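The values are calculated or read from the model by the stated rules, or taken from the named source; none is laboratory data. Bear in mind that the values here come from a model prediction, so they are computed numbers and not experimental data. We place every Cβ from the backbone using ideal geometry, glycine too, and count neighbours over all the protein chains shown.
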Amino acid sequence: MAGASYRPGVIRTRLYRNGELAKENFDPSEISDHLMDGTCVVWLDLDRPNAEDLALIATEFGLNPLAVEDAVSERQRPKLDHYDDHVFLTLYDVALDQGQPPRAREFAVFAATHYLITVRKSEGSPIDPIIARWDDNAALAKYGVGFLLWGVLDVVIDSYFDAVQVLDDRIEALEDVLFGPGDSGTAVQRESYVLRKNLVQFRRIIVPTREVLNALMRRENDLIAPELMPYYQDVYDHVLRASDSTDALRDLVSTILETHLTIQGNRMNEIMKKVTSWAAIGAVPAVVTGYYGMNVTTLPRSGSDAGGLAAILLMVAAIAGLYAMFKRLDWL
């Protein structure tokens with residue numbers, strides 16, 4: 001890479017020789033020499049590079065122009081593309097905090113027999129957890145690029161479980177609101193809508209990533225040593241579990257919304273029963289007073305104090321009877 005020039009802070013490097021970490025954060029101009037040594041594997045990381053940075057990388061490594069174009073473009077679908085001497089992957093890790101919208105952070109990865117290039121397109125994309133994963137499993141470094149790629153995939157998929165846990169906690173909190181005292185009003189509907197939207201966005205990442213892993217694990221792929229297959233199978237199982245959990249949570253949100261509507265309907269029925277009961281009770285005085293107020297002389301004790309007392313007693317008796325009946329029917 002003689003003559004190549006990069007912006008400070010954009011690039012990180014690592015060198016593995018014969019399965020051992022030999023050097024890190026060295027000058028990129030040394031990469032060409034290391035690639036000529038068949039015992040070396042080089043990792044190169046670019047943090048939000050510009051077009052000039054990627055053009056230098058493409059020239060030095062002979063990357064396919066279509067893959068470089070995808071690495072520059074934003075919001076690519078998770079995918080795996082095979083080229084003559086390397087593969088290109090687009091991946092997303094997910095950050096989801098309580099009360100915050102999900103943040104999908106995009107990775108572009110170029111992988112070949114002796115190098116792995118990671119391009120982090122989004123601000124805050126993690127690289128230290130990936131390095132820590134490599135260091136914690138240094139015994140696997142002898143398997144070369146397949147080991148490095150596994151570390152990237154393992155950290156990315158782990159972020160899905162963290163996001164699923166946050167979503168699960170939010171759904172549990174929503175259930176507490178749903179069955180809590182008082183009227184939840186539009187709060188349940190609004191949060192249900194937000195959760196469903198988050199889950200749909202999340203699923204658009206997980207499902208294609210599952211297909212990427214499935215394609216990557218095919219036996220004809222010479223980047224992955226047979227000894228690493230159990231590790232890739234473990235990552236694949238994790239993404240399947242995350243996908244299943246996402247589907248289950250989406251169904252649960254739909255159930256919560258349906259339950260909310262049912263509860264609202266039941267509450268409305270209870271209100272209508274109470275209103276109807278009190279309306280019936282309130283109608284009794286109107287009926288009795290209206291009846292006794294007619295200009296008819298044949299009514300018992302009409303026009304006397306006794307008649308007025310009889311009307312009052314009749315109203316009290318009718319109201320008490322209706323109240324007792326509605327209480328027995330649990331309408332009041």
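From Ala310, Ala318, Ala280, Ala306, grab the single residue that is among the hydrophobic types (A, V, I, L, M, F, W, C), more than 30 Å from Leu178 (Cα to Cα) and modelled with pLDDT of 75 or more. Give the derivation first.
Numbers: Ala310 fails: modelled with pLDDT of 75 or more; Ala280 fails: modelled with pLDDT of 75 or more; Ala306 fails: modelled with pLDDT of 75 or more.
Exactly one residue qualifies, and that residue is Ala318.
Residue-by-condition table, conditions (1) in contact with a helix residue (DSSP H, G or I) (Cβ under 6 Å, 6 or more places away or on another chain); (2) over 22 Å from Ile57 (Cβ atoms); (3) surrounded by 22 or more Cβ atoms within 10 Å (Cβ to Cβ); (4) not small (Gly, Ala, Ser):
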position: Ala112; (1), (2), (3), (4): no, no, no, no
position: Leu153; (1), (2), (3), (4): yes, no, yes, yes
position: Leu195; (1), (2), (3), (4): yes, yes, no, yes
position: Leu199; (1), (2), (3), (4): yes, yes, yes, yes
position: Glu211; (1), (2), (3), (4): no, yes, no, yes
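Filter the stretch 114-146 down to residues that are crowded, with 17+ Cβ neighbours inside 10 Å and within 19 Å of Pro78 (Cβ to Cβ), then give me how many there are. Residues in the stretch 114-146 being crowded, with 17+ Cβ neighbours inside 10 Å and within 19 Å of Pro78 (Cβ to Cβ): 8 in total. Under the condition of being out of contact with any Pro (no Cβ under 9 Å at 6 or more places or on another chain), closer than 14 Å to Phe202 by Cβ and among the hydroxyl-bearing types (Ser, Thr, Tyr), the residues counted in the stretch 121-175 number 1. Screening Ser32 against (1) at pLDDT 80 or above; (2) surrounded by 14 or more Cβ atoms within 10 Å (Cβ to Cβ); (3) touching a strand residue (DSSP E or B) at 6+ places or on another chain (Cβ under 9 Å); (4) not acidic (Asp, Glu) leaves a single unmet condition, (3). Looking only at residues in the stretch 59-86 that are under 18 Å from Asp45 (Cα atoms) and among the charged types (D, E, K, R), the one that is surrounded by the fewest Cβ atoms within 10 Å (Cβ to Cβ) is Glu74. Taken over the stretch 215-228, residues that are loosely packed, with under 14 Cβ neighbours inside 10 Å and not in a loop (DSSP other than H, G, I, E, B) amount to 2. Before we move on, is Lys142 under 21 Å from the mean Cα position of the chain (by Cα) and among the basic types (Lys, Arg)? No: the conditions fail for Lys142. Number of residues in the stretch 229-250 that are exposed (fewer than 13 other Cβ atoms within 10 Å of the Cβ) and at pLDDT below 90: the value is 0.
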